[in-house]
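Right, one structure below, let's go through it.
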Amino acid sequence: MISGRDSEIREGSDLGAAVPKMASVADLPQALAAWRQALGPAHVLTDETALAVARTATFPTTQRVPAIIRPANRSEIQECMRIANASRTPVYPVSTGKNWGYGSRVPARDSCVIMDLSRLNRILDYDENLAYVRVETGVTFRQLFDFLTQKQSNLMMSVTGSTPDSSVVANALERGHGTGPYGDRFAHTCNLEVVLPTGECLTTGLGRFPDAAAASVSRWGVGPHLDGLFSQSNLGIVTSMTIWLSPKPGYLQVCFLGINDPCRLTELLDALRVLRSQELLRWPLHVWNDLKMLSLARQYPWKESGGRTPLSPQLRECIRDDYLWGSAWTGSVGLCAASKEQGQAERCAIERILGSKVDKLVFFDGVE
Ligand SMILES: Cc1cc2nc3c(=O)[nH]c(=O)nc-3n(C[C@H](O)[C@H](O)[C@H](O)COP(=O)(O)OP(=O)(O)OC[C@H]3O[C@@H](n4cnc5c(N)ncnc54)[C@H](O)[C@@H]3O)c2cc1C
């Protein structure tokens, strides 16, 4: 996150000129003192144990992290950004920092102070009839699940394949994907509240009008649609957003399919495309190769391979037989229907179209 003044890009200017000056050693103590005053000393961390964790990802990193700041609400974030601006200190926000495989909580560039937003963990609004919930950015999937369970809600959120302790908002901002009809998570959000690098705050969509009744159910509002600016970007810190929820299906099945010969992939994808266009596959569908599937099922076979990488074709085939019915490519998709009758009719249609395109096709019944 870069201060607005420093990151300004003028028309015709070269992009390199927009790269901000990094915090100098002299600037940082001044910023730390101001943050301690704004947040309280307990929420400005500079101890080596915390910083070492913050520098750790699933792969080696070289970025230095001088401090972690932990604001609790929007106005503290705004104050933190004003301080960052004044001291020209770059800030990198994380919500729960579980961006595993993509860098965890390690900032994208060197010498950024991490802004840990996990203290913003309130569920701000919920409407069972209009099927939405409004959450702050530190709210986790587990917390939202517990909340809906406690409310005996008939609604569901799209489920993540990552840890339940990751952030619903951060995952949506990263355009994460999940299981369920609203698995394209960012496509089912609206009304973002965002603190800009200058410390100013804006709300997207109809949320910018005080008390707009449709703010949580209408994505577009009026005028240019801004939400995308804050997804996979460093243009603002999203403090809260509205997440749409889907009704729990009346009848749920899960379908697994597999092909043994990778040459059949094209005709399989063509058939899946037909099913999708006929709206028989409404949930997000995954089609993964054996290496991706095996990495979910087990650790690298160090023992069987004698410590060698990469996997030999023979060993790969052997493990594939053990874990994946011999499939080189495997697909999985949830099938939701209003009733058992509808679900079974759709299953017959899917079997008819896919039957000759796959080597394995298995359905599991879920809840009714
Ligand atoms: C085994 C495994 C399975 C996984 N399965 C899935 C899966 O099914 N679907 C999926 O999408 N991902 C998956 N992941 C990837 C990852 O774990 C998730 O995407 C996770 O939700 C990201 O971590 P987080 O929610 O804690 O976000 P964070 O680490 O807090 O943030 C992620 C990114 O968003 C930015 N950001 C965070 N909060 C804000 C904010 N408020 N304003 C502006 N920017 C912000 C951060 O700067 C960072 O770049 C998986 C990872 C593993 C290891």
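The values are calculated or read from the model by the stated rules, or taken from the named source; none is laboratory data. The structure presented is a predicted model; accordingly, all values stated were derived computationally and were not measured. Virtual Cβ from ideal backbone geometry, glycine too; neighbours counted across all protein chains shown. Surface accessibility is based on the protein's heavy atoms, side chains included, excluding ligands, DNA and RNA. Shrake-Rupley method; radii C 1.70, N 1.55, O 1.52, S 1.80 Å.
A few comments on the model shown:
- Of Lys98/Lys292; Lys151/Lys248; Lys248/Lys292; Lys248/Lys360; Lys292/Lys357; Lys98/Lys303, pairs whose Cα-Cα distance is over 25 Å: Lys248/Lys292; Lys248/Lys360; Lys98/Lys303
- Among 66-75, 48-57, the order from most to least packed when residues are scored by Cβ within 10 Å on average: 66-75, 48-57
- Using a probe of 1.4 Å on the protein chains alone, the accessible area found for Val222 is around 80 Å².
- From the alpha carbon centroid of region 244-303 to that of region 67-113 is 36 Å.
- Accessible area per residue was computed with a 1.4 Å probe on protein heavy atoms; Met293 scores about 40 Å².
- FRET efficiency, Glu200 to Lys360 (Cβ-Cβ, R0 45 Å, nearest 0.05): 0.25
- Relative contact order [Cα under 8 Å, 6+ residues apart], region 251-365, whole percent: 56
- Overall, region 251-365 carries a charge dipole of about 260 debye about its Cα centre when +1 sits on the Cβ of Lys and Arg and -1 on the Cβ of Asp and Glu, all other atoms neutral.
- Fully extended contour minus Cα-Cα distance, from Ala338 to Arg119, at 0.36 nm per residue: 75.0 nm
- Gain on full stretching of the segment that runs from Leu296 to Ser231 - 0.36 nm per residue minus C-alpha separation: 20.7 nm
- Estimated purely from DSSP H runs of n ≥ 4, each contributing -39500 (n - 2.57), the mean residue ellipticity at 222 nm for the chain is -8000 deg cm²/dmol once divided by its residues.
- Lys, Arg +1 and Asp, Glu -1 on Cβ, resulting dipole of the chain about Cα centre, debye, nearest 20: 420
- Only aspartates and glutamates eight or more places from Lys340 in sequence, or on another chain, were considered; those with a Cα closer than 13 Å are Asp365, Glu368.
- Cβ-Cβ FRET estimate between Asp146 and Lys303, R0 fixed at 30 Å, reported to 0.05: 0.15
- Signed unit charges on C-beta, dipole axis of the chain, positive-most listed residue Val139, Ala345, Ser158: Val139
- Relative contact order computed over the chain (Cα-Cα under 8 Å; 6+ residues apart), in percent: 14
- Label-reachable residues, region 315-346, where backbone N falls under 12 Å from a point 7 Å from His286's Cα toward its Cβ: 330-334
- Charge dipole (debye, nearest 20) of region 159-303; +1 at Cβ of Lys and Arg, -1 at Cβ of Asp and Glu: 360
- Stretch gain in nm, segment Thr56-Asn73, where the contour uses 0.36 nm per residue and the Cα spacing is subtracted: 3.5 nm
- Farthest toward positive dipole pole in region 106-251 [+1 Lys/Arg, -1 Asp/Glu at C-beta], among Gly207, Ile237, Thr149: Thr149
- For the chain, the per residue solvent-accessible surface stands at 51 Å², with DNA, RNA and ligands left out and a 1.4 Å probe.
- Net charge, Trp220 excluded, C-beta distance under 13 Å - Lys, Arg +1, Asp, Glu -1: +1
- Largest first, the residues Leu117, Leu311 sort by 1.4 Å accessible area into Leu311, Leu117.
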